[in-house]
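Accompanying notes for the structure given below.
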Amino acid sequence: MKPIVTIILAAGKGTRMKSERPKVLHKVCGRPIIHYVLDIAEAAGSLKTIAVLGYKSEEVKAQLPKGCLTVIQKKLLGTADAVRSALPGLGGFRGDILILSGDTPLLDKTVLRALIARHRKTKAACTFLTSVVPDPYGYGRIIRDDKGMAVAIREDKDATGLQKEIAEINVGLYCIDAFELEQGLKQVKLNKKKKEFYLTDLIEYLSQQGKKVQTIETKECEEGLGINTREDLAFAEGVIRKRNLKYFMSQGVTIADPSTTYIERSVKIGQDTIIRPFTFIEGDVSVGKNCVIGPFARLRAGTKIKDGVEIGNFTEVSRSKVGRKTLMKHFSFLGDALVGDNVNIGAGTITANFDGVNKNITHIGSGAFIGSDTVLIAPVKIGKKAVVGAGSVVPRGKNIPDGRVAYGVPAKIIVKNA
Ligand code: UD1
Ligand code: CA
């Protein structure tokens with residue numbers, strides 16, 4: 001198979017985002033936009049990936065995997081100029097070049113593979129992705145000749161009259177022969193209106209030269225979304241959120257109400273676990289099999305929940321381990337806690353894990369029973385099968401041995417009568 005190299009355009013500031021942060025680092029469902037684009041480059045089986053950086057390049061570079069090469073576009077002179085600055089990075093490569101925009105996180109791998117296959121089968125000079133959208137505003141429009149061949153891309157700012165009505169837009173994903181790209185880029189002239197070199201002008205040039213230009217259309221128009229504004233960002237978040245939930249359902253997880261549930265893709269969830277409405281799970285959390293989570297639960301990074309656990313309403317668990325069949329059904333917070341199996345965490349239990357400087361650990365042994373409205377001031381240790389009475393405050397440094405009972409403010413261990 002012909003080798004392929006990917007160029008990702010990510011030098012822009014993202015002016016329309018009105019942000020100090022580079023656009024491609026804004027997050028969609030917990031991941032920077034550019035990570036989704038890198039997934040696409042990986043799906044294409046790229047030999048190498050070159051990211052073109054400019055605005056706050058060091059910040060962007062820090063978020064890229066080690067294997068990703070970077071080049072700097074010195075002045076932001078448009079998408080053609082961005083690709084030009086990546087050419088030295090190709091090192092004389094001959095084959096197909098995949099060009100992606102750093103701001104299109106919703107692209108689907110299937111359509112990408114179809115595009116590369118079409119490009120190779122038809123031996124085209126360039127094949128690019130189009131989409132028919134309800135609102136083409138802001139996108140380049142596809143101009144076709146009377147045979148239906150794509151002959152040019154007209155940018156929104158330059159579109160006149162009926163061209164503005166064209167609903168077929170340029171997504172910004174191109175597969176192009178390296179030689180044709182190098183030759184074509186030399187011919188792209190400055191767009192006087194925007195004072196930029198448009199990569200899209202390449203299409204008109206290639207077609208005028210009699211080179212074969214092919215297109216392929218997305219199945220779902222949302223896939224082609226380029227994030228330019230905060231509204232686009234929110235839209236992308238909605239799409240990825242639904243995709244993530246679909247994935248978890250395909251793995252045998254019940255999601256009672258997808259419209260009110262948020263789970264990041266980095267989460268692992270076992271079969272037959274039920275996620276009830278208004279649940280939020282983020283980061284590297286893992287949840288075992290046959291658990292019930294929510295409604296109104298938040299599981300945060302660093303949390304590992306074993307099988308058969310119930311985490312109920314108005315609860316938060318952060319950087320904690322929770323053992324098998326442990327129950328925490330109402331109004332509780334576990335932070336930096338190591339909780340054993342079959343523990344009962346009563347309503348209103350709070351681990352006071354932060355002393356103002358450090359985060360401290362709470363140990364709760366298997367079979368322990370923590371009464372309602374208990375505050376455990378970490379570091380603290382509750383032994384196996386120990387009982388803490390309702391309303392207790394267990395002070396910092398306290399160690400309640402296995403099987404013992406403690407209660408009160410501050411909690412004292414009950415001494416059995418002789
Ligand atoms: C671009 C396309 C448009 C297409 C749309 C799809 C051009 C001229 N227009 O428009 O046809 O419909 O994407 O989303 O290509 N970038 C650089 N250096 C620059 C300028 C841009 O690296 O000098 C990067 C940006 O960081 C961004 C990508 O290229 O990731 C696209 O740039 P953007 O300004 O968003 O282009 P659009 O106006 O959306
Ligand atoms: Ca864009």
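The values are calculated or read from the model by the stated rules, or taken from the named source; none is laboratory data. Computed from a predicted structure; not experimentally measured. Neighbour counts run over all protein chains shown; Cβ positions are idealised from the backbone, glycine included.
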Original post:
In this structure, is K384 among the charged types (D, E, K, R), surrounded by fewer than 20 Cβ atoms within 10 Å (Cβ to Cβ) and outside any loop (DSSP other than H, G, I, E, B)?
Top reply: no
Original post:
When residues of region 1-34 are filtered for being within 9 Å of ligand 1 (Cβ to nearest atom), touching a residue at least 40 places away in the same chain (Cβ under 8 Å), out of contact with any strand residue (DSSP E or B) (no Cβ under 7 Å at 6 or more places or on another chain) and over 29 Å from I281 (Cβ atoms), how many remain?
Top reply: 3
Original post:
Scanning for something over 18 Å from D81 (Cα atoms) and in contact (Cβ under 8 Å) with a residue 24 or more places away in the chain, does region 175-196 turn up at least one residue?
Top reply: no
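Every residue in region 210-229 that is away from ligand 1 (no atom under 14 Å from the Cβ) and either assigned to a helix (DSSP H, G or I) or in contact (Cβ under 8 Å) with a residue 12 or more places away in the chain (or both), please. Outline the logic, then answer.
So the first thing to find is which residues in region 210-229 are away from ligand 1 (no atom under 14 Å from the Cβ), and the list is 210-214, 216, 219-220.
Across region 210-229, the qualifying residues are K211, K212, V213, Q214, I216, K219, E220.
Looking at I311, I345 in this structure, which one is more than 31 Å from the chain's Cα centre (by Cα), buried (at least 24 other Cβ atoms within 10 Å of the Cβ) and in the same structural domain as A386 (by TED's automatic domain parsing)?
Being more than 31 Å from the chain's Cα centre (by Cα), buried (at least 24 other Cβ atoms within 10 Å of the Cβ) and in the same structural domain as A386 (by TED's automatic domain parsing) holds for just one of I311, I345, which is I345.
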**OP:** Give region 98-146 a look and list any residue that's among the hydroxyl-bearing types (S, T, Y), touching a residue at least 60 places away in the same chain (Cβ under 8 Å) and within 11 Å of ligand 1 (Cβ to nearest atom), or say none.
**Re:** S101, T104, T130, S131, Y139
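Could you list, in sequence order, the residues of region 235-275 that are among the polar types (S, T, N, Q), surrounded by 13 or more Cβ atoms within 10 Å (Cβ to Cβ) and under 19 Å from S286 (Cβ atoms)? I'd like the intermediate steps shown before the answer.
So in region 235-275, the residues among the polar types (S, T, N, Q) come out as 244, 250-251, 254, 259-261, 266, 271, 273.
Subset that is surrounded by 13 or more Cβ atoms within 10 Å (Cβ to Cβ): 244, 254, 260-261, 266, 273.
Across region 235-275, the qualifying residues are N244, T254, T261, S266, T273.
Would you call V285 over 30 Å from the mean Cα position of the chain (by Cα) and either of a type in the set (A, V, I, L, M, F, W, C) or under 25 Å from G30 (Cα atoms) (or both)?
Considered against the rule, which asks whether it is over 30 Å from the mean Cα position of the chain (by Cα) and either of a type in the set (A, V, I, L, M, F, W, C) or under 25 Å from G30 (Cα atoms) (or both), V285 comes out as no.
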**OP:** Any residue in region 389-418 that's free of Cβ contacts under 8 Å to residues at least 12 places away in the same chain: show its pairings with residues that are among the basic types (K, R) at Cβ separation under 8 Å, as long as the two are six or more apart or on different chains.
**Re:** I414/R404
Original post:
Has region 104-124 got any residue that is buried (at least 17 other Cβ atoms within 10 Å of the Cβ), under 24 Å from L190 (Cα atoms) and either in contact with a Cys (Cβ under 9 Å, 6 or more places away or on another chain) or modelled with pLDDT of 95 or more (or both)?
Top reply: no
Original post:
Can you name the residue in region 139-176 that is touching a strand residue (DSSP E or B) at 6+ places or on another chain (Cβ under 9 Å) and small (G, A, S) and is also surrounded by the fewest Cβ atoms within 10 Å (Cβ to Cβ) among such residues?
Top reply: A167
**OP:** Could you please let me know if T79 is of a type in the set (V, I, T), under 23 Å from G14 (Cβ atoms), within 16 Å of ligand 2 (Cβ to nearest atom) and touching an Asp or Glu at 6+ places or on another chain (Cβ under 8 Å)?
**Re:** yes
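Among the small types (G, A, S) and at pLDDT 95 or above - does that describe any residue in region 25-33? Quick ask: steps written out before the conclusion?
Taking region 25-33 and keeping what is among the small types (G, A, S), we get 30.
In the following step, the residues that additionally are at pLDDT 95 or above were identified as 30.
Scanning region 25-33 turns up at least one residue that is among the small types (G, A, S) and at pLDDT 95 or above.
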